[in-house]
Amino acid sequence: MSQVPTMIDFRRNTQQVPSRMPLAVQKATSKFLGNRAAVVDAFGNEQWQVLRQAGHDIRLHAITHIEHYLEMAEHAVTRAGGHVHWARDAAEARRILLDIASRHRVKLAVKGKSMATEEIGLNPALEEAGIRVLETDLGEYIVQLKGVGPAHIVVPAFHLSKEEIANLFHEKLGVDAPAEAEKLTQIARMKLREEFLSADLGISGGNFLVADTGTVVTVTNEGNGRMCTTVPPVHVAVVGIDKVVPDWESLTVLLKLLARSATGQKLSCYTQFISGPPRSPAETGPAEMHLILLDNGRSRILKTPECRETLLCIRCGACLNICPVYNHVGGYAYGYPISGPTGVLFASQILGPTVAGALPFASTLCGACNEICPVKIPITRILLHLRRRVVEGDESEQAAAPVYLRVGAWAGAAALGSTGLYRMGSELLKRLQAPFVRGGWMARLPAPLNRWTMSRPFPAFAADFRRWWRSRTTAGGKRGTSEPGA
Amino acid sequence: MAIKAQLFITCLAEQFFPNVLKGMVSLLERLGVQVEFPEEQTCCGQPFFNSGYHSQARDLAVKWLKVFGRTDGFIVSPSGSCVDTVQHHFPELFLPGSAEHRLAVDAAARTYEFSQFLVHQVKATDVGARFPHKVTYHASCHLLRGLGVREEPKALLQAVRGLELIPLPGEETCCGFGGTFSVIYPEVSKAMMEAKIRAIDSTGADVVVAGDAGCIMNIAGGLRQAGSSVRAMHLIDILTAGGEMS
Ligand code: SF4
């Protein structure tokens, strides 16, 4: 699935979240967070902070010198016999891939887990061209059967119960599936094994691209990703240009951060290094290897200094797991395959304020994501800039906020900025509220505050500190005593 | 020489929790702090800054800096998020090298949240308060992660006679207020608030304490809506209560 969205209405999406979703999400995220906390603890918090800083510095260095490292990677991949393609946007990436597929008369493509291919809406494009495409990551396989996108960037189907998956298998695969994780995995594995052997094309993403040796690195917990890149005769890796890292030393640091932050593992079960096609008949693997380097707005992100660090992300998913908003709405509410705090940063910038202007506001700015991010992305600071971009525009985008809001803000600020008007306003509010107040609270208020009172009462306006201060300073020049709790 | 504190009362505390402000004055004075109140002050502009309205935020910051720039001593406020705005965002609003930027940097350095000020400047953790009740503490996000105030409020609470401090599950999880977030995405705000209320109720505490007017509005309203008997109070309410719940 994953069509490129035209307008994301986050509020409407949150209203349509199935009632079981939040609990299912929280059950999974709390498990991941618990595992993460345990390995970070074992690592030693002080050491962990050193590692995070190193990860941040490495990623920042890489994206600051991105052209240099991408060229290096291109040379290395080409030298190793691979083919490098540059895709400016999603459409170009799809076209390159379709070209490769049609040259090889591909009928069935198998895919490893990849957010980049979700981002470019690859599956519908392949299907439109008459090519069957099969997700092979177990979670992706399940959501594909269900006809939806990933609900989490690391664990796409984590919100579904064993019973739901068993029903789905029964309905779509026509098999009698017991609601047991092991049996379900076995069924999926059997179905997939048959397909691997007949697939003409394997598609993968890449967690990292090592510039030094032109190595595409994929990190998974299932062997299927590796099957996609080794069994079919052609392998195409779609990798965002931001994934480049200088060398293997840098990679080591990032791998340590990634597995611990994502799933609480020291290292994921499968870390695969692909450096071009086989170099001799003794080596096996796809005879042809392509690397599509995807820009799709990343260069523009790099050009805005306030937002640049968006591209440090290693997609560990920790910020989703800790985010209180994500935990109550799940991934689909974001209307984009990459969800949660990192998804907000990414989608807002890739899609622009007109399409995704709602997303930067989908946060309480609580900052939990900043603290957990293994590469220290200042997420809320970037969110604040993106909010400003929606409201006021910046060098790269025009403002998208409706005029009435901007006029309202202007008037509100003017009133708050004048001491006289501010005081008058607070006296006036005390009078205007009278018909609504019961016992110090207001149960119902007119719009827009009805959005507050729909879930809890609003406290009555009660300003009297200024008068109190005055009275005690004028009382004989000596300050009266205050009455606490008065 | 006495420590001087300029009160920065903040909009929400002024409008909804005037007794917190009065309590703060009396407590600081009792501890020998010379308290002054710059009466021209209004809003620091936080709601505008956080919603992306930087030009309005800048206007309000200019006004705030004019009022507080004339004063000396510390600037002390009972609200973590407003202090976070002054400490971290005011300097961002102005061009480095400009007169406003200098004022902003100077103000940022002398602005303190109440518990920060008490523990680190007045150096008081035991203020002689008595509050024989079960209390749980909610860590307000901007106080905690914006200002890095994690232990100070708890140290102050622990020194209160008769007070039993019960840990709150998910103490550091946002209560769902988020300023304008609460009206932009009311359904999500509600869900987060209700989760917080459930956690508070599970502790069996009589009172939940926080250090930011926004969270207290949200949590107190939520408790009332849920028909809970737990009271939401500001840290200052506890430190000045003298035994009984007001
Ligand atoms: S923003 Fe940070 S925490 Fe979130 S997915 Fe990216 S690397 Fe992980």
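The values are calculated or read from the model by the stated rules, or taken from the named source; none is laboratory data. This structure is a prediction, so every number in the text was calculated from the model and none was measured. Glycine gets a Cβ as well: all are built from the backbone with ideal geometry, and neighbour counts include every protein chain shown. Ligands, DNA and RNA are excluded from the accessible area calculation, which covers all protein heavy atoms including side chains. Shrake-Rupley method; radii C 1.70, N 1.55, O 1.52, S 1.80 Å.
Tell me yes or no: at least one residue of region B:147-167 is farther than 29 Å from residue B:242 by Cβ, open to solvent by 30 Å² or more (accessible area, probe 1.4 Å) and either within 14 Å of another protein chain (Cβ to nearest Cβ) or touching a Cys at 6+ places or on another chain (Cβ under 8 Å) (or both). The answer is yes, given that some residue of region B:147-167 is farther than 29 Å from residue B:242 by Cβ, open to solvent by 30 Å² or more (accessible area, probe 1.4 Å) and either within 14 Å of another protein chain (Cβ to nearest Cβ) or touching a Cys at 6+ places or on another chain (Cβ under 8 Å) (or both). Evaluating residue A:235 against the criteria (1) touching a strand residue (DSSP E or B) at 6+ places or on another chain (Cβ under 8 Å); (2) part of a helix (DSSP H, G or I); (3) at pLDDT 95 or above leaves one unmet condition, (2).
Of all residues in region A:373-394, which are crowded, with 22+ Cβ neighbours inside 10 Å and within 11 Å of the ligand (Cβ to nearest atom)? Once the filter is applied, which keeps residues that are crowded, with 22+ Cβ neighbours inside 10 Å and within 11 Å of the ligand (Cβ to nearest atom), region A:373-394 yields A:373, A:374, A:375, A:377, A:379, A:382.
Which one of these is open to solvent by less than 10 Å² (accessible area, probe 1.4 Å), part of a loop (DSSP other than H, G, I, E, B) and at pLDDT 95 or above: B:75, B:9?
None of the others qualify; the one that does is B:9.
Of note, residue A:437 satisfies the criterion of being over 25 Å from residue B:50 (Cα atoms) and either open to solvent by less than 70 Å² (accessible area, probe 1.4 Å) or within 16 Å of the ligand (Cβ to nearest atom) (or both).
Considering only residues in region A:332-357 that are among the aromatic types (Phe, Trp, Tyr) and open to solvent by less than 10 Å² (accessible area, probe 1.4 Å), the one that is farthest from residue A:151 (Cα to Cα) turns out to be A:346.
Output the residue which, of all residues in region A:252-281 that are surrounded by 18 or more Cβ atoms within 10 Å (Cβ to Cβ) and away from the ligand (no atom under 16 Å from the Cβ), is farthest from the other protein chains (Cβ to nearest Cβ). Even if it seems obvious, please write down each step before you answer.
Residues of region A:252-281 that are surrounded by 18 or more Cβ atoms within 10 Å (Cβ to Cβ), as a first pass: A:253-264, A:268, A:272, A:274-277.
Going one step further and asking which of them are away from the ligand (no atom under 16 Å from the Cβ), we end up with A:272, A:274-277.
Values: A:272: 36, A:274: 39, A:275: 41, A:276: 45, A:277: 48 Å.
Filtering first and then ranking leaves A:277.
If you check residue B:232 against the conditions, is it open to solvent by 10 Å² or more (accessible area, probe 1.4 Å), closer than 30 Å to residue B:29 by Cβ and more than 9 Å from chain A (Cβ to nearest Cβ)? Taking the combined requirement at face value, the residue satisfies it.
Scan region A:349-358 and give yes if some residue there is more than 11 Å from every other protein chain (Cβ to nearest Cβ), touching a helix residue (DSSP H, G or I) at 6+ places or on another chain (Cβ under 9 Å) and within 16 Å of the ligand (Cβ to nearest atom), otherwise no. Checked against the condition, which is being more than 11 Å from every other protein chain (Cβ to nearest Cβ), touching a helix residue (DSSP H, G or I) at 6+ places or on another chain (Cβ under 9 Å) and within 16 Å of the ligand (Cβ to nearest atom), region A:349-358 yields at least one hit. Take residue A:360 and tell me if it is buried (at least 24 other Cβ atoms within 10 Å of the Cβ) and under 13 Å from the mean Cα position of the chain (by Cα). So residue A:360 passes the test.
Looking only at region A:291-324, count how many residues are within 25 Å of residue A:82 (Cα to Cα) and either among the polar types (S, T, N, Q) or within 13 Å of the ligand (Cβ to nearest atom) (or both). Number satisfying all stated conditions: 3.
Does any residue of region A:308-323 turn out to be open to solvent by 20 Å² or more (accessible area, probe 1.4 Å) and without any contact (Cβ under 8 Å) to a residue 12 or more places away in the chain? Among the residues of region A:308-323, not one is open to solvent by 20 Å² or more (accessible area, probe 1.4 Å) and without any contact (Cβ under 8 Å) to a residue 12 or more places away in the chain, which makes the answer no.
Apart from one condition, residue A:463 fits all of (1) in a helix (DSSP H, G or I); (2) surrounded by 18 or more Cβ atoms within 10 Å (Cβ to Cβ); the exception is (1). Is it the case, given these coordinates, that residue A:401 is assigned to a loop (DSSP other than H, G, I, E, B), touching a helix residue (DSSP H, G or I) at 6+ places or on another chain (Cβ under 7 Å) and at the interface with another protein chain (Cβ under 10 Å from one of its Cβ atoms)? Yes; evaluated as a whole, the condition is true for this residue.
Quick grid of which residues meet (1) open to solvent by less than 30 Å² (accessible area, probe 1.4 Å); (2) in contact with an Asp or Glu (Cβ under 8 Å, 6 or more places away or on another chain); (3) modelled with pLDDT of 90 or more:
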{"residue": "A:141", "(1), (2), (3)": "yes, yes, yes"}
{"residue": "A:158", "(1), (2), (3)": "no, no, no"}
{"residue": "A:163", "(1), (2), (3)": "no, no, yes"}
{"residue": "A:167", "(1), (2), (3)": "no, no, yes"}
{"residue": "A:171", "(1), (2), (3)": "no, no, yes"}
{"residue": "A:176", "(1), (2), (3)": "no, no, no"}
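Looking across region A:76-104, the residues that are part of a helix (DSSP H, G or I), farther than 16 Å from residue A:243 by Cα and out of contact with any strand residue (DSSP E or B) (no Cβ under 7 Å at 6 or more places or on another chain) come down to A:79, A:90, A:91, A:92, A:94, A:95, A:98, A:99, A:102, A:103. Restricting B:179, B:214 to residues that are open to solvent by less than 10 Å² (accessible area, probe 1.4 Å), within 12 Å of another protein chain (Cβ to nearest Cβ), under 20 Å from residue A:370 (Cβ atoms) and under 19 Å from the mean Cα position of the chain (by Cα) narrows the list to B:214.
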